[in-house]
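Below is one structure, written out as structure tokens; the observations come after it.
The values are calculated or read from the model by the stated rules, or taken from the named source; none is laboratory data. Please read these numbers as outputs of a predicted model, since none were measured by experiment. Here the Cβ positions follow ideal geometry from the backbone for every residue, glycine too, while neighbour counts run over all protein chains shown.
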Amino acid sequence: MKNWMKLFLVWAAAFGLYAFARIEGSIVASTLWWSFLVLTVYWTLFLIYPVTAANVRRRVTTKRLVSGQTMDVELQIERKYPFLVGVVTLEEKPPERLTNNHDPIITSVDRFFRRKETVHYEIEHIKRGIHVFDRTKLHVRDVFGLFDRTRTLRLETVVEVSPAELPFDLPRDEHVGGRGEQYRRARTYTEVANTTSGVREYAAGDRIGRIDWKASARRDNLMTKTFDQEQEKKLSLVFVPSASAEHEEAFERSLSLLVGAIRQLERKNLPFELYVIEEQVRLFHLPDQSADVGHYLLTATPEAEGRLVERVKRNLPQQSGNLILISPFETKWVRELVHETQGSYHLYAASEVTT
């Protein structure tokens, strides 16, 4: 029943009690009439007074969070005019993809007759993405619960939730796959043949396997072999976001692996480039394009698996450097990609092998 219909019935009851008091003429009837008249005036003022005129501010602990964390939200409400005494609640609906729980969050405001009040609530197990809180609802009920007034306040707050970082060991680390990471790892090597072109004096950091012992004996000094194709090997990080909609968890783990790989390479100050194999292969130069990579990690979605090999051959430079490939699954297309592309490949799959 609408508020105006309820108010009509209240005033009808008030006139009825007034007529009864005039006819009965007893003290009890008069007391009942005057008491109900006070309530009728209160309810009438409650409906015509701007009880929902208030300013609401929303604040989160930080607008840059990590998936799986608990987000703390603070709502500060400030009334514009003196409020009639009532029961006040704030209702918010979390963004659709922020959490699995889509029920509205209702928080009560204590002692709302004060000028300002602050309420808190938490959202657990938040998900990756850019999420927007766009509104909040203010509910004000009278103390008897008969009338209820609601106002929707436009209040926008943007929250960025990045993928969680999984521990990642680079291929040359001694303990690969340790510390209980939630992924399986495969390694495939395709070495590029180099032709020996001569020798040079040994320099600190040269591999022992490249020392020419015969030339070293002849010259009485350590000599290192040189090759026609010898050059500083370039490190590339390749991400294949191929997964179907029902494998969202594996896709999220692969993003977490990618974050772990990027952080580990940055900690070791190793220069690298990031390739994302989508319909069009995307290339990110790090650290110059760190902001672009951060935005991709926030907005990445699974891609339908296609002919990845052709895409890589067409867009990824053929080089003899080290390449680290990260994918939600180790599929036949990914395995073909590993075998067809030159260089030393290290494959990290976030889930078990599938076909």
Exercise for the section: State whether one or more residues within the stretch 62-76 are touching a Pro at 6+ places or on another chain (Cβ under 9 Å), surrounded by 11 or more Cβ atoms within 10 Å (Cβ to Cβ), in a loop (DSSP other than H, G, I, E, B) and assigned by TED's automatic domain parsing to the domain that holds TYR121. Expected result: yes
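Residue-wise test of (1) out of contact with any helix residue (DSSP H, G or I) (no Cβ under 8 Å at 6 or more places or on another chain); (2) of a type in the set (S, T, N, Q); (3) within 30 Å of LEU257 (Cβ to Cβ).
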| position | (1), (2), (3) |
| --- | --- |
| PHE15 | yes, no, no |
| PHE20 | no, no, no |
| TYR49 | yes, no, no |
| GLU74 | yes, no, no |
| ILE77 | yes, no, no |
| GLU91 | yes, no, no |
| PRO94 | yes, no, yes |
| ASN100 | yes, yes, yes |
Exercise for the section: Please tell me if LEU45 is part of a helix (DSSP H, G or I) and under 26 Å from VAL109 (Cβ atoms). Expected result: yes
Practice task
Please tell me if GLU91 is at pLDDT 90 or above and closer than 15 Å to HIS139 by Cα.
Solution key: yes
Problem - Odd one out for VAL28 among (1) surrounded by 17 or more Cβ atoms within 10 Å (Cβ to Cβ); (2) not assigned by TED's automatic domain parsing to the domain that holds PRO104 - result: (1)
